[in-house]
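The values are calculated or read from the model by the stated rules, or taken from the named source; none is laboratory data. On a predicted model such as this, the values are computed, not experimentally measured, just so you know. Neighbour counts are summed over all protein chains in view; Cβ atoms, including those assigned to glycine, are modelled from backbone coordinates with ideal geometry. When the accessible area is computed, the model is the full protein with side chains, heavy atoms only, and any ligands, DNA or RNA have been set aside. Shrake-Rupley method; radii C 1.70, N 1.55, O 1.52, S 1.80 Å.
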Amino acid sequence: MNLKEAIEKVGRLGKAGKMPCPTYSIPASLCVTGSRLRKIKGSTCSGCYAMKGNYVRYPDVQKGLKKRFDAFKKNSFVDAMSLMINRYAIKSGYFRWFDSGDLNNISMLEKIAMVCQNTPKIKHWLPTREVKIVKDYLKIYKKFPSNLLVRVSAPMIDGKPLKSFRWTSTVHHKKNHIGHDCPARFQENKCMDCRACWDRKVKNVSYHKH
């Protein structure tokens, strides 16, 4: 498989303005837990940025998001994504899964883990609210690849980190941050030199409510 064929199979990687690396996005409208949380006032999904702006404004963007979601169903996904990440993320050395959307089933997580195994020089970060999927994966495989950091997100703003997981994230607004306070709001909403989200030494990353 060459690079052109890989792009045709899984779509292009993204480059969110905040991120120091390529990303991969799918429709937030298809989030399982997120779709429920969006209806709950005070949840971390109640004002979802991926349900407005450019994510939903342009039909071509929506088409691309759906293509990437459907790509997970193909047998070629692991090989195609591995090729693209090794090509486009090697300069930064980092990759983020899902700047829009979330895990839909355990098969998606299994394929992500296989991609991580195929891209050992890249540090992967996967934020998720899909508690059951992560637990089911760990029951079977016991751990994630060493270059994949899965952070399970607390469902409510100003909520505490979920105790069942070693690496987590929270959103703070009226209360103080817990653990590492994401500095993006002080630096043009960008990561700049911060890589806390990928850092195993950082147990919880707390993001200030936009």
- Within the range 125-136, which residues are under 18 Å from I26 (Cβ atoms) and out of contact with any Phe, Trp or Tyr (no Cβ under 6 Å at 6 or more places or on another chain)? P127, T128, R129, E130, I133, V134
- Item | Residues of the range 162-210 that turn out to be buried (at least 18 other Cβ atoms within 10 Å of the Cβ) and touching a Pro at 6+ places or on another chain (Cβ under 8 Å), as a count | 7
- Scan the range 159-188 and report the pairs whose first residue is without any contact (Cβ under 8 Å) to a residue 12 or more places away in the chain and whose second residue is in a strand (DSSP E or B), with Cβ atoms within less than 6 Å and a gap of 6+ or a chain change. none
- Taking the residues in the range 13-69 that are among the charged types (D, E, K, R) and crowded, with 17+ Cβ neighbours inside 10 Å as candidates, determine which candidate is modelled with the highest pLDDT. R68
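Listed here are the residues, each with its yes/no results for (1) assigned to a loop (DSSP other than H, G, I, E, B); (2) of a type in the set (S, T, N, Q); (3) at pLDDT below 95.
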residue: S107; (1), (2), (3): no, yes, no
residue: E110; (1), (2), (3): no, no, no
residue: W125; (1), (2), (3): no, no, no
residue: I140; (1), (2), (3): no, no, no
residue: P145; (1), (2), (3): yes, no, no
residue: R151; (1), (2), (3): no, no, no
residue: E188; (1), (2), (3): yes, no, yes
residue: C197; (1), (2), (3): no, no, no
residue: S206; (1), (2), (3): no, yes, no
- Item | Which numbered condition K4 fails, given (1) surrounded by fewer than 19 Cβ atoms within 10 Å (Cβ to Cβ); (2) part of a loop (DSSP other than H, G, I, E, B) | (2)
- Per-region count, the range 89-141, residues open to solvent by less than 30 Å² (accessible area, probe 1.4 Å), of a type in the set (G, A, S) and in contact (Cβ under 8 Å) with a residue 60 or more places away in the chain: 4
- Query: So which residues in the range 142-161 are within 25 Å of S35 (Cβ to Cβ) and exposed (fewer than 14 other Cβ atoms within 10 Å of the Cβ), if there are any at all?
  - Reply: K160
